[in-house]
Amino acid sequence: MTRIVFSGGRVFTGRATEPGDVVVENDRIVDVGIGLDGDTKVDATGHTILPGLFDCHVHFMFSGADLVRSLNTPFSLPFYEAIGNMKATLQCGITTVRDALGADLGVAEAVRRGLVQGPRMQIAVNMVSQTGGHNDDWMQCGAHVSPPLHPGLPDTVADGPEELRKVIRTLVRHGADVIKIASSGGVMSPRSNPRHAHFRDEEIAMIVQEANAAGIAVMSHAMSGDGILTAVRNGVRSIEHGVFLTDEGVEEMIKNGTWLVPTLMAPRMVLDQAAAGVAISDVILDKANAVVSQHFQSFQKAHQAGVKIAMGTDSGVGPHGDNLNELTLMVEYGMSPAEALYATTTSAAELMRLGNELGELAPGKLADLVLVEGDAEQHVKAGTLKEAVRAVYQNGVSVD
């Protein structure tokens, strides 16, 4: 076995950085310390060594919010675009993700089998929504406009506990590693309101029961205060977005150990695309503008209260590869740079139940490492972390 030593750098410990070396054998970290030896040396002098980073909310099958473009895109083209989306994400240091809607089992297996480069992933396959909810793509003209359903992407619009039981079992059959639901309306859906709660207690309770039976967790797109509360009190593992989070919602999240994946970039990505000339409806733009300032306030409220937070971006709504901008936004709205890095490593690994394998530079963990030139915490604060990434290793292998 070849021992590779990354020497002379500073190691992110989860709370701070300190001088240290990291030794890798095959796909595992075997030692972390000072003055370590190996068969091969990687000079990390002047660099910060980070664990492989996480993004807990991406959409590899989506490449922006341009509805006109998507309607004129051949059915199979997004599968090929996903290859570039995954590689761009991996090259910025993100070695593990949750795909929150869109990627089917074939996309995940292509990465797992080494056919294409990409982060290891947990997939939701499709998002479970009530009729008229955030994943119901019915337009006022009577047309349905989202990517068509296919053998890997089942219909997940359902109402009532028994319909939802069938949907969850279908998603498990299709390879879902996590169940994604919408317990409120959203910005990008044509007919839903982000301030309205979706699904009742008995419906979400059924979803969580069936997911637990399959040994997987539930993540909930939840913007409205009531939608957050309904999801939390019925046992979802993470709240995605959390835009209109109330004090009561914060208390319930802390009491139940529920995670927040804030995706602060998401509404900004929509507005940025509109400013660049992408045709986005006035209805969606009005919703995006309405949630931006409230989104940041809710993030600050959750962080100050001690809610567990893991990094996620909603990339796919906007460009892939810009994911690390999320850390800078988290710092802008109250986190320290070290806290933002923790949310993107150790905390995210815990959320995804991968803490035994990933999220830290520690003996026995998989050898996912990111070499950042200079001080990674300063780059997080300045918004230059992506530009400072010099090398990415996944399972001990350098990513091209």
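The values are calculated or read from the model by the stated rules, or taken from the named source; none is laboratory data. Nothing here was measured: the structure is a model prediction, and the numbers come from that model. Cβ atoms come from the backbone with ideal geometry, glycine included; neighbour counts cover every protein chain shown. The accessibility values were calculated without ligands, DNA or RNA, using every heavy atom of the protein model including side chains. Shrake-Rupley method; radii C 1.70, N 1.55, O 1.52, S 1.80 Å.
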Within region 182-201, can you find the residues that are within 17 Å of the chain's Cα centre (by Cα) and farther than 26 Å from G142 by Cβ? none
Might you check whether a residue that is open to solvent by 20 Å² or more (accessible area, probe 1.4 Å), within 22 Å of the chain's Cα centre (by Cα) and within 14 Å of S189 (Cα to Cα) occurs anywhere in region 117-134? yes
Where the second residue is assigned to a helix (DSSP H, G or I) and the first is more than 14 Å from M206 (Cα to Cα) and lies in region 164-179, which pairs have Cβ atoms under 6 Å and are six or more apart or on separate chains? G175/L105
Need pairs with beta-carbon distance below 8 Å; first residue among the acidic types (D, E) and within region 350-370, second assigned to a loop (DSSP other than H, G, I, E, B) and modelled with pLDDT of 95 or more; sequence gap 6+ or separate chains. E350/A310; E350/G359; E357/K365; E360/T345; D368/G52; D368/L358; D368/N395
So S146 passes all but one of these: (1) under 25 Å from the mean Cα position of the chain (by Cα); (2) assigned to a helix (DSSP H, G or I). Which condition number does it fail? (2)
Residues being in a helix (DSSP H, G or I) and open to solvent by less than 40 Å² (accessible area, probe 1.4 Å): count how many of those fall in region 282-321. 11
Among the residues of region 105-135, what is the count of those that are farther than 25 Å from D400 by Cα and not β-branched (V, I, T)? 9
V261 versus (1) open to solvent by 30 Å² or more (accessible area, probe 1.4 Å); (2) touching an Asp or Glu at 6+ places or on another chain (Cβ under 6 Å): which is the lone unmet condition? (1)
If a residue has to be out of contact with any Pro (no Cβ under 8 Å at 6 or more places or on another chain), in contact (Cβ under 8 Å) with a residue 40 or more places away in the chain and over 18 Å from S398 (Cα atoms) to count, how many in region 21-38 make the cut? 0
